[in-house]
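The values are calculated or read from the model by the stated rules, or taken from the named source; none is laboratory data. The structure presented is a predicted model; accordingly, all values stated were derived computationally and were not measured. We place every Cβ from the backbone using ideal geometry, glycine too, and count neighbours over all the protein chains shown. All accessible areas refer to the heavy atoms of the entire protein, side chains included, with ligands and DNA or RNA removed. Shrake-Rupley method; radii C 1.70, N 1.55, O 1.52, S 1.80 Å.
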Amino acid sequence: MDRPPIALQLYTVRDETARDFAGTLRQVAQLGYRAVEFAGYGGLAADQMAELLTEHGLRAASTHIGLAALESNLGRELDYCQTINCSALVLPWLPPEQRGADDLRALAERLNEIGRRCHERGIAFGYHNHDFEFAQSEGAMLLDALLENTDPLVVALELDVYWAAYAGVDPAAYLRKRAGRALLIHVKDMAADRSFTEVGDGTLDMVGICRAAHEQGARWYIVENDQPRIPSLESARRSLEKLRGILQAI
């Protein structure tokens with residue numbers, strides 16, 4: 001089985017995309033990335049974005065869309081995804097008032113419906129975790145309860161390995177526990193002070209994590225740094241270089 005390809009979550013370089021979205025995509029491609037994950041489209045129409053991706057030899061690995069837009073404008077979001085040939089749509093975040101055990105149980109069927117509609121259009125749908133989903137409720141982790149109450153055929157997991165580790169969970173072990181469920185992996189590293197750092201510069205076992213991701217069937221490794229301490233494009237470049245070396249060890 002081939003290793004998953006590497007994409008960049010553009011949230012990493014949001015300071016650059018805010019100034020010049022098209023120019024930033026060009027620079028991301030020049031760094032050596034061949035795919036991106038969107039966190040907004042910079043106001044560009046779908047046909048404009050498709051042309052821009054083609055121009056720079058980039059693929060659309062996935063896109064992050066909030067719950068309100070998923071429920072009110074899913075058809076429009078899917079149209080955009082199909083125009084840019086985007087393979088997955090991901091719910092990236094829940095506001096604090098929607099993070100309780102009862103809220104997540106109620107959310108499960110809503111995610112199933114979104115997932116079914118995405119599946120009908122040939123687009124994968126996933127849920128992206130932070131740390132709160134690993135809290136315990138009635139003897140089970142919230143994320144486990146959410147995954148067990150959603151249809152694995154239409155609701156995948158985008159596992160953010162930093163946030164799993166931040167919550168005290170071994171990302172590699174969790175990937176094996178949920179084998180076949182995590183189609184997308186947010187590859188990000190943790191510094192000794194538990195802040196974000198570039199992939200390969202931190203404390204996480206990236207070789208073990210990436211090996212587990214590969215073995216359980218991940219489709220994409222997606223580089224991200226929520227808060228780079230160095231210029232964001234340099235952060236993206238360093239993470240890509242280190243991740244390529246890490247993958248050679250698998």
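Within the range 189-197, can one find any residue that is within 14 Å of residue 158 (Cβ to Cβ) and within 15 Å of the chain's Cα centre (by Cα)?
No, every residue in the range 189-197 fails to be within 14 Å of residue 158 (Cβ to Cβ) and within 15 Å of the chain's Cα centre (by Cα).
Out of the residues in the range 44-72 meeting the condition of being free of Cβ contacts under 8 Å to residues at least 24 places away in the same chain and more than 18 Å from residue 85 (Cα to Cα), tell me which one is least open to solvent (accessible area, probe 1.4 Å).
69
Which pairs turn up if I take residues in the range 109-128 that are touching a residue at least 40 places away in the same chain (Cβ under 8 Å) and within 23 Å of residue 99 (Cα to Cα) and look for partners that are open to solvent by 80 Å² or more (accessible area, probe 1.4 Å) and of a type in the set (A, V, I, L, M) with beta carbon separation below 9 Å, at least 6 apart in sequence or on another chain?
Listed by first residue and then by second, the contacts come to 115/153.
Would you mind finding the one in 72, 87, 62 that is in contact with a Leu (Cβ under 7 Å, 6 or more places away or on another chain), under 30 Å from residue 144 (Cβ atoms) and of a type outside the set (A, V, I, L, M, F, W, C)?
Exactly one residue qualifies, and that residue is 62.
Report, ordered by the first and then the second residue, all pairs with beta carbons closer than 9 Å, sequence separation of six or more or different chains, a first member in the range 1-29 that is among the aromatic types (Phe, Trp, Tyr), and a second member that is open to solvent by less than 10 Å² (accessible area, probe 1.4 Å) and in a loop (DSSP other than H, G, I, E, B).
Matching pairs, first to second residue: 11/225.
Please go through the range 146-168 and pick out each residue that is in a helix (DSSP H, G or I) and either within 20 Å of residue 227 (Cα to Cα) or in contact with an Asp or Glu (Cβ under 8 Å, 6 or more places away or on another chain) (or both).
Within the range 146-168, 146, 161, 162, 163, 164, 165, 166 qualify.
Being within 18 Å of residue 183 (Cα to Cα), touching a Leu at 6+ places or on another chain (Cβ under 8 Å) and part of a helix (DSSP H, G or I): is that true of residue 212 here?
yes
Of the residues 103, 79, which single one is modelled with pLDDT under 95 and open to solvent by 10 Å² or more (accessible area, probe 1.4 Å)?
Testing whether each residue is modelled with pLDDT under 95 and open to solvent by 10 Å² or more (accessible area, probe 1.4 Å) leaves just 103.
Let's see how each residue does on (1) open to solvent by less than 10 Å² (accessible area, probe 1.4 Å); (2) more than 21 Å from residue 234 (Cβ to Cβ):
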residue: 161; (1), (2): yes, yes
residue: 167; (1), (2): no, yes
residue: 173; (1), (2): no, yes
residue: 178; (1), (2): no, yes
residue: 183; (1), (2): no, yes
residue: 186; (1), (2): yes, no
residue: 192; (1), (2): no, no
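Does residue 207 satisfy the criteria of being assigned to a loop (DSSP other than H, G, I, E, B) and modelled with pLDDT of 95 or more?
no
Within the set of pairs 6 or more residues apart or between chains, which connect a residue that is within 20 Å of residue 194 (Cβ to Cβ) inside the range 131-148 to a residue that is hydroxyl-bearing (Ser, Thr, Tyr) with Cβ atoms less than 8 Å apart?
131/166
Specify the residue that is modelled with the lowest pLDDT; the eligible residues are those in the range 2-36 that are within 14 Å of residue 221 (Cβ to Cβ) and touching a helix residue (DSSP H, G or I) at 6+ places or on another chain (Cβ under 8 Å).
Ranking the qualifying residues of the range 2-36, first place goes to 3.
Against the definition (of a type in the set (A, V, I, L, M), open to solvent by less than 20 Å² (accessible area, probe 1.4 Å) and in contact with a Leu (Cβ under 7 Å, 6 or more places away or on another chain)), how does residue 10 come out, yes or no?
No; evaluated as a whole, the condition is false for this residue.
Here are 126, 202, 139, 115: which of them is modelled with pLDDT of 95 or more and open to solvent by 10 Å² or more (accessible area, probe 1.4 Å)?
Within the list 126, 202, 139, 115, the selection yields 202.
Which residue is most open to solvent (accessible area, probe 1.4 Å), if the candidates are limited to the range 213-243 and must be out of contact with any Cys (no Cβ under 9 Å at 6 or more places or on another chain), farther than 18 Å from residue 128 by Cβ and of a type in the set (A, V, I, L, M, F, W, C)?
230
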